[in-house]
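Worksheet for the structure shown next.
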Amino acid sequence: MRNALYASAAVLALAAFGTPAAFAQSRDTIQVAGSSTVLPFASIVAEEFGAAFPEFNTPVVGSGGTGGGFSQFCAGVGDNTIDIANASRPIKDGEREACTTAGVTDIREVQFGYDGIVFASAASGPDFALTPLQVYKAIAANVVVDGALVPNPYTTWAQVDAALPDQPIALAVPASNHGTREVFQERVVTAGCEEAGLPDGAPEDACTAFRQDVVVEISGDYTETLARLNSDPNTVGVFGLSFYEQNTDTLKVATVNGVVPSKESVVAGEYPVSRPLFFYVKGQHIGTIPGIEEYVQFFLSEQMAGDGGILEAAGLIPQTPEKTAEVLAAFEAGAQ
């Protein structure tokens, strides 16, 4: 029955494309890598795609973080390079330049929904109600005290703010290879730093240099962060909302600026730490690596990424049908 549901999607996709082959095909399986936030969604799509379209191999989906995915994606054109890069942030200008230098000139952005970034701790621990200012004070290598920038003196959350738990500060945050890190940095740490008001003459990295005594940077996926929390119940970890929602039996989520992170608060624009999710398609591989256009159409289908779809059940926050139609039209037109 699923084949029947998606048959029209396959026909539409085949009619919409026809990009000439850019290289001789010797690989017949779509290769995907990148964001650990997007990983579970792409993995579900790949499995469902393999079942719905038996004429194509099931895509192979790997992680490596958003930055790592773009590094592989921009390595060049050919069957020894990946076809799709998953990303929890838009591609940077420098990454586009690297792609262009390597001959990757047809880069098609596909936005497919939203996710939030949350702070979560052990379910058995105290409640956290955080603000960007508090997080900056806990995490920065140097903080403003009495108008001066000094080495971070805080050892407990209660020292940062008496309203917070009297618990040792310990944070597990995404490393720089993750798109989550960049959104966390911009929406939380830098926002808190600006609120603190840096003194004149503060160094350029005053908002971005993290302390090393209580901060662990996680280069792996969220399971590594979860393992850190399991080994140290005092740790507060930074996760994607969808990952947290799959682990509510062991995790407790913090509010940010008094707002509980949820699909509803993200869609309403109330939760301050949210972001769109993407994957990027190498247009020069369309028509050569079989199934790419069908995969994109299938990923964006209502049954997968729409309201009530399979990905929403896995934690995706769907975008509007109008946005999806716009994204698909741009993709089919070869917009970059």
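For the chain, the equivalent ellipsoid derived from the alpha-carbon gyration tensor has semi-axes of 39, 22, 16 Å in decreasing order. Sorting the Cα pairs of the stretch 291-336 by distance into bins of 5 Å, from 0 upward, gives 5, 23, 28, 24, 14, 5, 0 percent per bin. Among the GluC sites (Glu not before Pro) in the stretch 30-113, those located in a DSSP loop and surrounded by at most 11 other Cβ atoms within 10 Å of their own Cβ are GLU55. In a reduced charge model with +1 at each Lys and Arg Cβ and -1 at each Asp and Glu Cβ, the chain shows a dipole moment near 280 debye about its Cα centre. Note that the stretch 92-182, at 25 °C in a medium of 0.890 mPa s, gets a Stokes-Einstein diffusion coefficient of 147 µm²/s from its Kirkwood radius over C-alpha pairs. Across the stretch 229-336, the relative contact order, built from alpha-carbon pairs under 8 Å that are at least six residues apart, equals 19 percent.
For the stretch 251-291, what D do you get in µm² per second when you plug the Kirkwood radius from alpha-carbon pairs into Stokes-Einstein at 37 °C and 0.692 mPa s?
Using the Kirkwood radius from Cα pairs, D works out to 247 µm²/s.
Between ASP249 and THR155, the modelled labels are 3.7 nm apart [label points 7 Å from Cα along Cα→Cβ]. Summarise the long-distance tail of P(r) for the stretch 215-270 by giving the % of C-alpha pairs beyond 17 Å. Result for the distance tail: 41 percent.
Taking amide hydrogens as placed 1.01 Å from N in the peptide plane, the amide H of GLY62 sits under 5 Å from those of VAL32, ALA33, GLY34, each at least 5 positions away in sequence or on another chain.
Report the Stokes-Einstein translational diffusion coefficient (µm² s⁻¹, integer) for the stretch 52-108, Rh taken as the Kirkwood radius over Cα pairs, at 37 °C with viscosity 0.692 mPa s.
Rounded, D is 268 µm²/s.
The slack between ALA163 and ALA202, meaning 0.36 nm per residue of separation minus the straight C-alpha distance, is 11.2 nm. Projecting the Cα atoms of ALA170, PRO151, VAL188 onto the charge dipole of the chain, computed from C-beta unit charges around the Cα centre, puts ALA170 farthest toward the positive end. Pairs exceeding a 32 Å alpha-carbon distance, out of LYS137/LYS323; LYS137/LYS252; LYS137/LYS282: LYS137/LYS323; LYS137/LYS282. The stretch 230-301 and the stretch 76-104 have Cα centres separated by 21 Å. Were the residues from THR105 through GLU194 laid out at 0.36 nm apart, the gain over their Cα-Cα distance would be 28.3 nm. Per-residue extension of 0.36 nm, minus the Cα-Cα distance of ASP146 and ALA123, leaves a gain of 4.7 nm for this segment.
One Cα centroid belongs to the stretch 105-120, the other to the stretch 174-211; the line between them spans 21 Å. Rounded if a/c is under 1.5, else prolate if a/b beats b/c, else oblate: with a ≥ b ≥ c from the C-alpha gyration tensor eigenvalues square-rooted, which is the stretch 32-144? Judged from the Cα gyration tensor, the stretch 32-144 comes out oblate (a/c at least 1.5, b/c at or above a/b).
The charge dipole of the stretch 74-115, taken about the Cα centre with unit charges on the Cβ atoms of Lys, Arg (+1) and Asp, Glu (-1), comes to about 80 debye, rounded to the nearest 20.
Laboratory data are not the source of any read-out in this text; all were calculated from the coordinates shown. These figures come from a predicted structure and were not determined experimentally. No Cβ is skipped: glycine too gets one built from the backbone with ideal geometry, and neighbour counts run over all protein chains shown.
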